[in-house]
Every structure is written in structure tokens, then in C-alpha cells.
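Note sheet for the following structure.
The values are calculated or read from the model by the stated rules, or taken from the named source; none is laboratory data. Computed from a prediction, not measured in an experiment: that's the story for all the values here. No Cβ is skipped: glycine too gets one built from the backbone with ideal geometry, and neighbour counts run over all protein chains shown.
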There are 4 protein chains.
Amino acid sequence: MIGSGFMGSAHSQGWRVAPRFFDLPRSPEMAVLVGRDAGRAEAAASKWGWAETSTDWRSTVERDDVDIIDIVTPGDSHAEIAIAALRAGKHVLCEKPLANTVAEAEAMADAAEQAAANGVVAMVGFTYRRVPAATFARDLVAAGRLGAIRQIRAAYRQDWLADSDGPMTWRLDKERAGSGALGDIGAHAIDLAEFITGLRLERVAGTLETIVSERPLLGEGIGLSGTASTERGQVTVDDVALFQGRFTAPDGGGFAPLGSFEATRFATGRKNALTIEISGETGAIAFDLERLNELQFFDATVPATEQGFRTIFVTEPEHPYLAPWWPAGHMLGYEHGFSHQVVDLIDAIAGTGEASPSFGDGLHVQRVLDAVGRSSNADGVWTPVH
Amino acid sequence: MIGSGFMGSAHSQGWRVAPRFFDLPRSPEMAVLVGRDAGRAEAAASKWGWAETSTDWRSTVERDDVDIIDIVTPGDSHAEIAIAALRAGKHVLCEKPLANTVAEAEAMADAAEQAAANGVVAMVGFTYRRVPAATFARDLVAAGRLGAIRQIRAAYRQDWLADSDGPMTWRLDKERAGSGALGDIGAHAIDLAEFITGLRLERVAGTLETIVSERPLLGEGIGLSGTASTERGQVTVDDVALFQGRFTAPDGGGFAPLGSFEATRFATGRKNALTIEISGETGAIAFDLERLNELQFFDATVPATEQGFRTIFVTEPEHPYLAPWWPAGHMLGYEHGFSHQVVDLIDAIAGTGEASPSFGDGLHVQRVLDAVGRSSNADGVWTPVH
Amino acid sequence: MIGSGFMGSAHSQGWRVAPRFFDLPRSPEMAVLVGRDAGRAEAAASKWGWAETSTDWRSTVERDDVDIIDIVTPGDSHAEIAIAALRAGKHVLCEKPLANTVAEAEAMADAAEQAAANGVVAMVGFTYRRVPAATFARDLVAAGRLGAIRQIRAAYRQDWLADSDGPMTWRLDKERAGSGALGDIGAHAIDLAEFITGLRLERVAGTLETIVSERPLLGEGIGLSGTASTERGQVTVDDVALFQGRFTAPDGGGFAPLGSFEATRFATGRKNALTIEISGETGAIAFDLERLNELQFFDATVPATEQGFRTIFVTEPEHPYLAPWWPAGHMLGYEHGFSHQVVDLIDAIAGTGEASPSFGDGLHVQRVLDAVGRSSNADGVWTPVH
Amino acid sequence: MIGSGFMGSAHSQGWRVAPRFFDLPRSPEMAVLVGRDAGRAEAAASKWGWAETSTDWRSTVERDDVDIIDIVTPGDSHAEIAIAALRAGKHVLCEKPLANTVAEAEAMADAAEQAAANGVVAMVGFTYRRVPAATFARDLVAAGRLGAIRQIRAAYRQDWLADSDGPMTWRLDKERAGSGALGDIGAHAIDLAEFITGLRLERVAGTLETIVSERPLLGEGIGLSGTASTERGQVTVDDVALFQGRFTAPDGGGFAPLGSFEATRFATGRKNALTIEISGETGAIAFDLERLNELQFFDATVPATEQGFRTIFVTEPEHPYLAPWWPAGHMLGYEHGFSHQVVDLIDAIAGTGEASPSFGDGLHVQRVLDAVGRSSNADGVWTPVH
């Protein structure tokens, strides 16, 4: 695993826990943790249970006894590491967004395609697909329970920048993060909308905004944020993104669904509200990551007097990923998606499953992000995704 | 009252009930109901309790014994009737949207301004302002409980056109209705957002869409819809509208808040969901007309461990409009807003209150609707409201 | 109408509004308002729209031009008035609880039975049966959608006595009110549980409690409460009641369902929370008067993955009582039940409907209240209802 | 760890994960898994990560290299194992309920008290205390935010026996399980109510019931249930328990709060709904394990117009147990309580925390269960807890 920040802890939990509940076709071992700072890497490896540490990702991706490279660094280093690892014949799991630019993402997708010819697997880490309620939502749509889809609303709302005096972090620095709310959390909303519906965005029209453009520099980092220093710095990324989208029309014609999207750090009171609502001709679903064990489903085919959004607790053994966990009604948390990601990756490596989302999927999301930026620069005009 | 359709029933309930609960400075009498069809007018008058009927609105607005003209016809006749009534010195209550075009609305606002010089009152019927929870939301914002406002999300979602075979009504005919989802329900979302925040939209960028463009003609009308005939007709208005907006910056500078808006008839499972969520630096509010007695309020100034959206039942005697009704926790319904509208209108006429929303407010909403249409025609580009 | 307090206002609204929306087989006129205090009666009559007033209920119930007597006085006068009215051949609507004692209620039920032979109708005012969601719940149960019923939980929770210094009212005086939380609001919970399930309580085991036994006397009355005077008085009724119940077994044998009941004035934060949840072998329903337009329905016969409580907005034209009101999704309030009560009463009088709940039903509720009191006095032991 | 059933998996996850997130004063090692069946024990140990297995708990509790005994067997073996382990000087964590009888629980509490003199720690596994929202509820009560407590409602509702043809398991066999819904899930409701309020039940009045008394025998076990065989067996435990309780009066006098309790397997649609609502003079809280990251808090000391139940997401770093986990708004699941239990146990062993709930607490719960049984046998009469 390359990286020792917050996402490293989550990925480590996935590697640690997945084999204890799921019957995997391969047994992963937590071999090497790579970090730029030797001390921090050692502390993290000891805490999280990695056998060794290294400060050199280049030599690590070449090691014969390493089969999988898990990349959890900021986006500016994804391309270089992932391409080197794929060329070395290693399977790669790369955190989202795939890269900071479309060009990098294209190079990565190319490398993944070449590596696939040799049975090498590349996967991008949109873990929210693997929240069982989201996967089940996809299943309902795929089974035609919503009928023709008309509208998709996806938003990722947080409030951790609502305080104008909240400090800078690397996520607010365009060099490191590539983009702000759009790329960090909006990317999840885009991927989830496309995953659940099986559709792709073709055109977008949107606005990027930086509501608070100057903030105190970070003193000491704590979690995703930290204490404020007395100096101030410039926020160089968007902290709110709003856009509309037009999805592909269904095969055989019909209405090309409309989307509306929001990614924001200023939704006071919303802590981690990745929400999606999909309206179809015969049904609708609504999901909120703040109640991640629940899926709202409206079935418009039952008698009018009995219609209503029903709150399905997606915790039955028949639900996706659920059987190995707890009895029905015993709730899962944020981190379980990382175990499910390990399950799917190992299955793909063993040939018993598909590598999804692929780097190609990650590239597509990157192109949507790019198109939103171009639209914003062009006064909001509808802009093709390419 | 001019008009005998669905809104006539609601307005009649307001006139009938308001004096039985509120102490009004004037005692309204339900004098004349005007309808084009004598039989229907008489049936409606008898049902709703109007003393007389007429088929001639022109002579009615001239009658000496009539002081107030309440216009509940479709939008294409608002301008002519309202202007005639105002010129005749009658106070006017006009259903929303004020008119079908900006030009008509301007003429109406002019007429209202001239009439005001003679103490004549003109008010436009955005009744949702008078849902106590909405009024109380306005009070919280005005008291600074949300701090600087950053984002406003307003949507009006219904699903009564989700069925592609649902029949035509006059609301889907551009000649009669002026616009579709945008003008009929989006206008409420716009007015409510501006009312609660005290801000005005200055620029918009949006998209109008007709998802289902051909429908069966209406057989027999029932409520807002009816049975289908075998012939089909063209839907000439939008049935979905999505737009972003930029509000006025606060006095003294600061961030000009961003808005996102939706009006749709295709939100499967949403029956009458006028929702609004406002994010401020120190608080947030959320409202949903489907739970109209409730206001969600998030106070970011209490300790972090105790923060959370609280569900305020806006039914305390200290809440707006509530004291004359029932004990706390006894819920109000849709129609109570029409009583509150009568209270406010009578207060304005008696000089003990202000006529709000004014025709000027209605004109402004009309200009926003127009700007959204222009933006949609210009491929979604940001477009000034003027 | 006999009585001029809070319930008089609600009943008046029913008489006033019902004919304006429903097609009634008879046209009620609001003739005489009777009150002990002539001035208060006149003020109320003027406000609420009654044509005349009287201070003498005895002569009023004898008047030839009066057909219906609506009793909204405190419980201690119900029996005398109702029996006199029935003997005079008048139809009677009597507020709940039917009486303050079982003996009175028995006399009333006898009188009603005798009067029925002459076509005279007697009905008791459990209006919450006529909240459309409650009526629809009854319909679902009657249609077998819940299968065999196992458990019923009904509670009526308010918090208006939570403040120990809240003042006395007549509702806290045993002489006037008969009982406290049990008779005033617990009676609603009992009736609603029996109405929805079609079952009757046969045995109960419970506890009556007075949490705050001394309070300031009432200064000036406001709504259901008022300001405090400096003197203090004794609360002579229960302010909390908890009991379990055993219902009749279904016809043909099977499990006799268990009930659990609560009536309280001390449920801090609960304003008017009449809640009921019924668990059956194949389904469940849950209702909360604080969201009175909604019914929660769980259908255990759909596939396990799709099961969930669904929130049905009981506002469709096919729902009970709904067609004459507003379009789907336009919410009703507390007072609409009083219009529905008028509709059902007039239907019963015209012979086009049944008088329900009858005085016999009211007597049964009275016997349950009595049995709870006897159980409480006998240290909580199971006690038959008789 | 003694036992290899469902709870073994949950405890193992606690032992595995706690050290990876929390800084513990001691480093636990997962040494030996003991099971009656050698094959099953080995499979479980391999799956869950225990170093060794044994089929002999007696020799295991004597091993010098074992410091802690974690008992996750059915209740009939708790006493024997725990007492032996304590006598051998081992710290003991014992699943709830502490034992199947009061006599056993007394012996265990005695053994724990004696062992405590030697610095040996004994703790009983009421893990739901360690759901952060429940711990935080306790903190709010302890800080006086609810004022004088009046009423406590606690219920644990499941529906896994709602199907009359659902098969037998050991949990329905009195020999193995001691009691049914009451001891298995009602015990949690009792402990949680006492934990959050800091009060103890002194008297109870209740009813135990077996709604479905004959069921198919278990074919193959799956999770908490399994497939049905064609033979049928007798359910020898309660499957529903309802009772009222009287808590200790507060120090210095005042009202002794009333409780109402329910434990059921027949609450159709409720999967794992451990709910509690506490009404105090100045505030209230409500919790539902089905939304375990949330606490509802009503503060009656803010202005009446701003009062409402607020939904606190108990995921802030300042909330109990939260800091080492994820950023705010990233949800925890069912199993996290088992990590928190390990943290608290290790802290108690290291002397940096208190062993809570103690075996004495477990004994008290056992006495409440016993008193409910005695009351049920005595026709529901109020019965002292002793």
C-alpha cells in the first residue's frame, strides 16, 4: 500500500477484515506500507498491521513478492505510481479520483488496458458503489423496477468548510488535489449516479465556485482537518460545484435522462450526505449515505392507495455483500465498503469476478469533471463530455 | 371572485374560515362569484357559499358594493381583469403567477403602483409564504440565526405527469398557462426562496424540458387531472425545469449566494414536495411542504456534540398565524394558507399591515421565469434577470 | 350545540365546512349555541356563526326546530343532556369520553338504544377514527393485509404538564373531568386500537399515577391551559396511565392479541402524539397523529429484499374521505376529522350510513377506563372489562 | 475465547480491530478458541484469526499464558466457566445475560467480588451501552440536561419469529437459553435504561407470553435461524414480554420514575429495534438501534418556538469512542461496540478504567428478569426486584 493518510487506515481495515468474513479465492497478506516519511510510515504500519515499511514506492512496485499495489496517496501521484505498477505486472487498486487531469487518467487507462492483456487487474476506488444499499439500488434499476428513467439527482453535501476560519488542508490546494469539492466528493456523486443507472453523462452545464477563498494555514493536522495557524493561504480549488447533466438515451431510443448535481463543503448540518434520487416511469429510489443501511424505494405499480416510499433496511442475507456479516437489522458502517472492495478485487484477480469500476470508468468520471470545469469557464453553457 | 376552478374552492375556504378564527379589522362578505359558464358558476357559488353569480367580470369589477376582486382564473386573463379592477378602485388579490408574460406583469405592477396612491391594495397569491413554518423560517433568517447565507436549494416536485398516458389539461397548454412546471410550481419555489431569505435572484442558468410531448386529450376533468380521451394532443409547455441562480450579495458586500432550483412533474413518489434548504454560516433550515407543520433547523452555534437538525413543530401559539387555531401539536393543512392570505389582505386594506407579496414581487418572479427561458434557449448560459 | 369551549370551535368548523365540500343528504344549519354564561355564548356564537344563543339547554333540546344536539361540554354533564335530548327525539353527537362513570354511560347507551327504535341517531365523538390515515388503516386490517394480529401498541403522549408549575385546569379536576390522562386522551388510544383492529379489550392490567399532584390554580385560561395564579390546588386525576390489555381472540380461535397502552402529559417534546403500531403475521401498520396524513405500512408478503415500512401519504382521491378535498399531496389538518364526523352523522341520520361509534362503543371504552382504574387499585392485577 | 457461535464472530472482530484504532495500555493477543466440536472450533479459529484451538475449556482457563477469558457460550454454561476462570485469576468477559438463573448469577457476582480483591476484572457483555449514541445519552442525563426524569420507555423489537413456521433454535429452548425474548433481548433494554439513567428498577409488573408455542425443528442452522425440518417441537420460553417498572427515586426524594418495557420477536417489520425514550422535566432523548449513529435530543429550555427533537449524528470526534475512527458523518456499525468493549476491558485491567457493567450489574438485571417472571405468574401484580 502506497500512502499513510486517512484513506490508508480505511483500506487497511478492508484488507484486515475482508478475509475474516468472506471466503476469498486468494488470501491477501498485508506486506509493505510505503510512505515518504519513514517514521510516519513505521508508526502507521505498526498501527494498521503491515509487515514491513518502505519510503521508496519505485522499488516496492518491482518486488517479486508483491502482487497488488494499493494507492492511497493524493491525486497528483496516482498516474506515475499506477502506471509503473501495472507495467511491473502488479494488480492495482487506485483511490479516486483516478488522477488530477484527463491526460493522466488517459495514460492510466491505456496502461490498464495493456496490462489487462496479461491478466493484470486495475480497479479505481469508488467504494460507495459497494455500500450494499447502493449495489441493491443498481440491481433494482437493472431489473427494470423503475421503468424508463427520467431524472437523476445526486449531491454530496458536507459542511466542514462552513466555518470561514476553518484551516487549509492539501485538499484545498489545486496542485495536490487537482480539484476541490468537485473532484473529491462530486466524483463520488457522478460515479454513483452512473453505476446505479448504468448510464453515462454525455453533456454537462455547470458552475464552480470558491465561497471562501482565503483561510488560515493548517497548524497540526487532525483527521481530515486540523488546527489553524496564524498565517493565511489561498484556496485554489472550488469549494462548491453545481451542474446539470444529460445522460445517454436508453438503447432503442427514448428520453435521455436529466441529471442535477451538487458537491459542496458548505451544507451546514450535512456531515457526509451523499444523496441520490432517481425518478423512473414506474418507480423511484432515494439513498442517503448518512443512513447508509437504508434504501428508499417507491413502487408505482402497486395500487395508488398503497404507494409510498418504503424504507428498506438493506441488511437481509439476500442483499448484496450481506450474507457473511450479521443477522438482519444489525447495521454496517462506513468502512464495510472497503472490505467489499477487497472482495471484488480479489475476485477479479482470481477470475471469478469483473474489475469494476475500471480505470476506463475512472477516466470517464475525470472527463466529466473536466467538462464541468470547461462549462464553468464558458459561462455555464452546455458542454460535451469527451 | 373571478373564476370557478380548483383554486376558487381554496380561496372560498379562506374567505369563509378566516373571520371565524381571526379578529379582522374588516368583515369580508362573499358577494359575487363570476364564471364564464352560468350553470357552473351557480353550482360553485351554491357549493362554496357566494351570495350571487355573474358571467360578466367587467360589470362586476365596476359594482359599487364590491370592494375586493379575487382573481383565480388561468394566467392569460390575469392582466386584463386585474388592471380593470385596480382602475375601478378595487383591492385585488391575484393568483400566481402574476401573468403569462413579463409585459403583462409590468402593466399590472404599474397599475398597482398607481392604485396604491389611492390606498388601493394589490396582492399576488403566493400562499405558501403563509404556511407558518415558512413564515417562521423567514423570521429565523431575518433574526440572523443562519448567519451569512451561502446556498439555497429550492425544488417543487410532483409526479402527476409521470404516467406518459396521463391526459392533457389546460396547464399543459402554453396559450392558457404561459409556462408549465416552471411557471406553475417553479414560481412558488422562486418566491419562497426569495421570501425566506429576503434576497433576489439576479442571474440564472437553466434548462427547460418537455419529457413527454404528446398526451391523450382530456376526457372528463377531475381535480387537477381527469380521464383520457382517445385523441392525442401536443404538450406545449415545459414539464421539467432545472436552473441555477445567483442571488444579490448582502448589503455591505460578501458572498452572493448560489441557488439551485428544480420544478418537475416527474418526481415519481413526490406528490407535492415543495422543499427548500438554506445553508448559512451559523445555521441551516430545511422545509418540505409534504410535512408542512414542521421546520428543520440546525443551529451551528451550540456545542458540536449537540448539533443536529431539529424538527420544530410550528404549531405553538407564539409561531406566526398560530394563536387563533388549535392547541400546540394540532396540525394545520394545505388550506390554512388561504385563511392567512385573507388575514394579511384585510390587514393591508385596513392599513394595519403591508400588502405582500406585491405585484412588484410578482413581476420580479415573472422576470426570473423569463430569464430561465432565455437561458434555456441560449444553451444554458448565465442570463441576467431584468 | 351545547358548550362554548375549545371543542365548540372545532365542532363549529365541522358544521361550517362539511357542506361546502361534501354532498350531504341533508343540509345542516347552525341554529343555537347554548352556554351557561350569556355573554360568552353570544361572543362564541357570533365568532363561530351560530344564529342564536341560549343559556338553557333544557328548553333548547325541546325545540321543534332543532333536530340535532351536539354536546361539547365537560364529561359531568354529558349524561343528563344526552338522555334528555334523545328522549325529546333529537339526534345526538356527544363528545368523548361518553361520560364520567360507567353508570352514566350505561344509562346513555340505554337511552340511545331506545331512541334508535324511533330512528334517532346517537354518536360519540372519537374524531380520530375519521383521520383518513386511521380509517385507511382499518380498511387494510379488514382486508386481511396484516394477517393474524399479535400485538397492538397505542399511546397518546403530550407534554403540556411536563412543567411542574403549569397551572390547573378543569381537566385536572376529577369532579369535572372524571379522569385525567386516561379518560381524556387514553380513551382515544383505546377507541382507535379497537376501531382499526375491529377487536375489543377483554382484560387489562395497569397503573394510574399522578406525577405532579399540586399545581398553581389557573389565572386566565388560554387554549387548553392558561396563566398561573399564586394559589395552589390539588390535582385529583391521573396524569399518566400505563396498561396492558388482552383483546378478544379472532373468530374461530387463535391468539388473543396483546396490547400495551400509555396515556401521558409528561412526554417531553411530544405535543399530540397519538401513535399506534399493529403487528400482524403478514404485515404491520404504524400511525402517528403528529404526521396525520401519513400511514406506515409494512407488507411482509413481498420478497424479503424489498420489504420495508412504506410511508403512504393518505391523500389520494381513492382514500377514505379524500375525494372532495384537494389534489393528492395537499395535506389535511386536525380539524378535518370534525367535517368527516358531520358527514358520517348526517349520513346516519339520512339512513345512508351507520352511526358509528355508537353510544354502545362509548360505553365499552368507559368500561375499559373503569377496569384500568380497578386494576391500578388492585396493585396492577389483570382485571376483566365489564 | 470459549464458544464458536455467532457472538464469537462479533467478539473476535472486537479483539482484532480495537488495537488497530485505539491506543490500548495492553496489547491483546488472540490466543485460544475453545469449542466443543474440534472441527468447528478449528474452522472458526482459522476464519477469525485465533492462534490455537481447544475442546477443553477447563484446561484453557488454567493456562499460564492466558490472561483473559471471553465467554460467548449459551447462558447455561456461563456460571461454571466464569467462576472457574475467576478462581484461576483470569479476567473474565461474559456475554449477557449473565446466567440463566438468579442463583447462578449470585454465585458469579460473589466470585467476581472475591477476584476483584486480587485485581481480577469481571465484565458482562452489554455491548449496546457502548454504542456511542447510547453512551452520549448517558452523558446528557448525567449532566442534568433532562432534569428530573419522569418516564422511561424501552423496547427491543424484532420480527424473526413472526412467521409461525420459522424453525426452533436453542434460543427457544428454556434449558439452554434460560428465558426467551425477555432474557435475550429484554435484558438489553433493561440494562440500557438503567445505564443511561443511572437508576435501578425496584418493582415490576408484567406478562410473559408464548405466541407461537410449537414450531418445526431446526434443520440446518444459518445465522440466528435456519431451515425447517419436518418434525415439530415445543417452544419453552416466552416470545413476548411486556412489563411496567418503577425505578429508584432520585437522591433527596422526588418522583420515582415509571418505566414501560417490551421485548418481542413478533414486531413485524422491526428487525433490531432497541428503542428507548426518556422524558425529563427539561428535556428528552430518544434512541433507536436501527439508526444507531443518531440520538434524538429535545431541549425544553430553549424558547418554545425553537424546540424540537434534534437528530444528533453521534460521529463527532468529541463524542464517546469516536475520535480514533473516521471523520464526522462517517457511520459506525453494529460491531463497533465490540471494539469499544475491548477498549474498556483492557482499560479496566490496566487500572485506567472501571469494569462496567460489572457482574453485580449483570446480577441485578437477572433479578429484574426473575421478578418479571414472578409477576407474570402472579397475574401481573407489582412485584419487588430482589
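Output the number of residues of the stretch B:235-271 satisfying the condition of being of a type in the set (D, E, K, R) and more than 27 Å from B:PRO167 (Cα to Cα). Don't jump to the end; show me each part of the working.
Going residue by residue through the stretch B:235-271, those that are of a type in the set (D, E, K, R) are B:238-239, B:246, B:251, B:262, B:265, B:270-271.
Pick out the ones that are also more than 27 Å from B:PRO167 (Cα to Cα) and you get B:246, B:251.
Number satisfying all stated conditions: 2.
Residues that are at the interface with another protein chain (Cβ under 8 Å from one of its Cβ atoms) and outside any strand (DSSP E or B) within the stretch B:253-269 comprise B:PHE255, B:PHE266, B:ALA267, B:THR268, B:GLY269, listed in sequence order.
So, of the residues in the stretch B:149-165 that are at pLDDT below 95 and within 11 Å of chain A (Cβ to nearest Cβ), which turns out to be nearest to the chain's Cα centre (by Cα)? If you could, list the steps in order and put the result at the bottom.
Quick first cut of the stretch B:149-165, residues at pLDDT below 95 only: B:160-165.
Applying the additional criterion that residues be within 11 Å of chain A (Cβ to nearest Cβ) yields B:161-165.
Numbers: B:LEU161: 20, B:ALA162: 23, B:ASP163: 25, B:SER164: 27, B:ASP165: 28 Å.
My answer is B:LEU161.
From the list A:ALA107, A:ALA103, A:ALA44, which residue is over 26 Å from A:ALA189 (Cα atoms) and among the hydrophobic types (A, V, I, L, M, F, W, C)?
Numbers: A:ALA107 fails: over 26 Å from A:ALA189 (Cα atoms); A:ALA103 fails: over 26 Å from A:ALA189 (Cα atoms).
Residue meeting the stated conditions: A:ALA44.
On the given criteria, is C:GLY233 surrounded by fewer than 22 Cβ atoms within 10 Å (Cβ to Cβ), more than 14 Å from chain B (Cβ to nearest Cβ) and within 27 Å of C:HIS336 (Cβ to Cβ)? When the stated conditions are applied, C:GLY233 does not pass them.
Restricting attention to the stretch A:308-333, and to residues there that are in contact with a Lys or Arg (Cβ under 8 Å, 6 or more places away or on another chain) and in a strand (DSSP E or B), which single residue is farthest from A:GLU281 (Cα to Cα)? Step by step, filter the stretch A:308-333, then rank; the result is A:PHE313. Note on the stretch A:16-56: among residues that are over 27 Å from D:LYS47 (Cα atoms) and in contact with a Leu (Cβ under 9 Å, 6 or more places away or on another chain), the one that is surrounded by the fewest Cβ atoms within 10 Å (Cβ to Cβ) is A:GLU42. Within the option set B:ALA10, B:ALA44, B:ALA18, B:ALA51, being out of contact with any Ser or Thr (no Cβ under 7 Å at 6 or more places or on another chain), within 13 Å of another protein chain (Cβ to nearest Cβ) and closer than 23 Å to B:SER339 by Cβ holds for one residue only, B:ALA10.
Checked against the criterion of being crowded, with 18+ Cβ neighbours inside 10 Å, of a type in the set (Asp, Glu), within 23 Å of B:PRO384 (Cβ to Cβ) and touching a helix residue (DSSP H, G or I) at 6+ places or on another chain (Cβ under 7 Å), the stretch B:174-185 contains not a single residue that satisfies it.
Restricted to the stretch A:329-348, and to residues there that are touching a strand residue (DSSP E or B) at 6+ places or on another chain (Cβ under 7 Å) and of a type in the set (Gly, Ala, Ser), the residue that is nearest to the other protein chains (Cβ to nearest Cβ) is A:GLY329.
Hey, does the stretch B:108-130 have a residue that's within 14 Å of chain D (Cβ to nearest Cβ) and in contact (Cβ under 8 Å) with a residue 12 or more places away in the chain? For the stretch B:108-130, residues within 14 Å of chain D (Cβ to nearest Cβ) and in contact (Cβ under 8 Å) with a residue 12 or more places away in the chain: absent. Close Cβ contacts (under 7 Å, 6 or more residues apart or on different chains) running from residues in the stretch D:1-30 that are more than 15 Å from A:GLY49 (Cβ to Cβ) and of a type in the set (Phe, Trp, Tyr) to residues that are modelled with pLDDT under 95 and surrounded by fewer than 23 Cβ atoms within 10 Å (Cβ to Cβ) comprise D:PHE6/D:GLY223; D:PHE6/D:LEU224.
What number of residues within the stretch C:298-307 satisfy the criterion of being facing another protein chain (nearest Cβ under 7 Å) and in a strand (DSSP E or B)? First the steps, then the outcome.
To start, the set of residues in the stretch C:298-307 that are facing another protein chain (nearest Cβ under 7 Å) comprises C:298, C:300, C:304-307.
If we keep only those that are in a strand (DSSP E or B) too, we end up with C:298.
Result for the stretch C:298-307: 1.
The numbered conditions (1) away from chain B (no Cβ under 14 Å); (2) under 23 Å from B:GLN13 (Cβ atoms); (3) in contact with a Lys or Arg (Cβ under 8 Å, 6 or more places away or on another chain); (4) not β-branched (Val, Ile, Thr) are all true for C:ASP70 except (3).
Scan the stretch D:367-386 for residues that are assigned to a helix (DSSP H, G or I) and either more than 28 Å from C:ASN377 (Cα to Cα) or in contact with a strand residue (DSSP E or B) (Cβ under 6 Å, 6 or more places away or on another chain) (or both) and report the count.
So the first thing to find is which residues in the stretch D:367-386 are assigned to a helix (DSSP H, G or I), and the list is D:367-377.
This time we only want the ones that are either more than 28 Å from C:ASN377 (Cα to Cα) or in contact with a strand residue (DSSP E or B) (Cβ under 6 Å, 6 or more places away or on another chain) (or both), so: D:368, D:371-372, D:374-376.
Total meeting the criteria: 6.
Taking first residues from the stretch A:274-294 that are within 9 Å of chain B (Cβ to nearest Cβ) and partners that are at pLDDT below 95 and buried (at least 22 other Cβ atoms within 10 Å of the Cβ), the Cβ contacts under 7 Å between residues at least 6 apart in sequence or on separate chains come to A:GLU281/B:ALA162.
The single condition from (1) outside any loop (DSSP other than H, G, I, E, B); (2) in contact (Cβ under 8 Å) with a residue 24 or more places away in the chain; (3) surrounded by fewer than 21 Cβ atoms within 10 Å (Cβ to Cβ); (4) away from chain B (no Cβ under 14 Å) that C:THR227 fails is (4).
The residue of the stretch A:308-321 that is nearest to the other protein chains (Cβ to nearest Cβ), among those that are crowded, with 22+ Cβ neighbours inside 10 Å and touching a residue at least 24 places away in the same chain (Cβ under 8 Å), is A:ILE312. Checking each residue in the stretch B:67-78 for being buried (at least 22 other Cβ atoms within 10 Å of the Cβ) and part of a helix (DSSP H, G or I) picks out B:GLY75, B:HIS78.
All conditions but one from (1) away from chain A (no Cβ under 14 Å); (2) small (Gly, Ala, Ser); (3) in a loop (DSSP other than H, G, I, E, B) apply to D:SER27; the one that does not is (1). Among residues of the stretch B:191-218 being of a type in the set (S, T, N, Q) and closer than 28 Å to B:ASP379 by Cβ, the one that is surrounded by the fewest Cβ atoms within 10 Å (Cβ to Cβ) is B:SER213. Among the residues examined, C:ALA378 qualifies as within 14 Å of another protein chain (Cβ to nearest Cβ), over 18 Å from the mean Cα position of the chain (by Cα) and hydrophobic (A, V, I, L, M, F, W, C).
The set of residues in the stretch B:186-211 being of a type in the set (S, T, N, Q), in contact with a helix residue (DSSP H, G or I) (Cβ under 8 Å, 6 or more places away or on another chain) and either without any contact (Cβ under 8 Å) to a residue 60 or more places away in the chain or farther than 25 Å from B:LEU172 by Cβ (or both) consists of B:THR197 alone.
Assigned to a strand (DSSP E or B) and modelled with pLDDT under 90, is that true of D:LEU242? No; evaluated as a whole, the condition is false for this residue.
Considering (1) assigned to a loop (DSSP other than H, G, I, E, B); (2) modelled with pLDDT of 90 or more, the lone condition that B:PRO250 does not fulfil carries the number (2). Specify the residue that is surrounded by the fewest Cβ atoms within 10 Å (Cβ to Cβ); the eligible residues are those in the stretch D:84-104 that are over 15 Å from the mean Cα position of the chain (by Cα) and within 22 Å of D:LYS174 (Cα to Cα). Taking the candidates together, the pick is D:ALA103. Of the residues making up the stretch B:176-189, none is more than 26 Å from B:ASN377 (Cβ to Cβ) and of a type outside the set (Ser, Thr, Tyr).
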